[in-house]
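The values are calculated or read from the model by the stated rules, or taken from the named source; none is laboratory data. Model, not experiment: these values are computed from the prediction. Cβ: placed from backbone, ideal geometry, glycine included. Neighbour counts: every protein chain shown.
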Amino acid sequence: MSAARFLVSGRVQGVAFRAHTRHEAEALGLAGHARNLADGRVEVLVHGEAQAIERLAGWLRQGPPLARVDDVVRDAVVDIDAPRGFTIG
């Protein structure tokens, strides 16, 4: 299993970014969460198969139709408290 943390910036709050991210992550068999940050970014923390994380990473660079993604910063995560499912915070 692999894990990654993404910080997505741009117009990513108020455009259903987290809900769409959950849908994409669940379709790829990933677990984790997406949550709004106070600075306007969205944090996405996922764990699952490496190939699925790569596919989600590609999707995050585009986002849903109403979003405008300016940047995606990825951090490797070594130790993760692995929840089941995908939550929105």
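A few comments on the model shown:
- Within the chain, strands (runs of 3 or more DSSP E) holding 2 or more residues that are crowded, with 16+ Cβ neighbours inside 10 Å: 2-11, 31-36, 42-48, 68-76
- The listed residues are 31, 50, 67, and the only one of them that is in contact with a Phe, Trp or Tyr (Cβ under 7 Å, 6 or more places away or on another chain) and closer than 16 Å to residue 3 by Cα turns out to be 31.
- Hits in segment 15-60 (condition: modelled with pLDDT of 95 or more and on the phi > 0 side of the Ramachandran plot): 16, 29, 40
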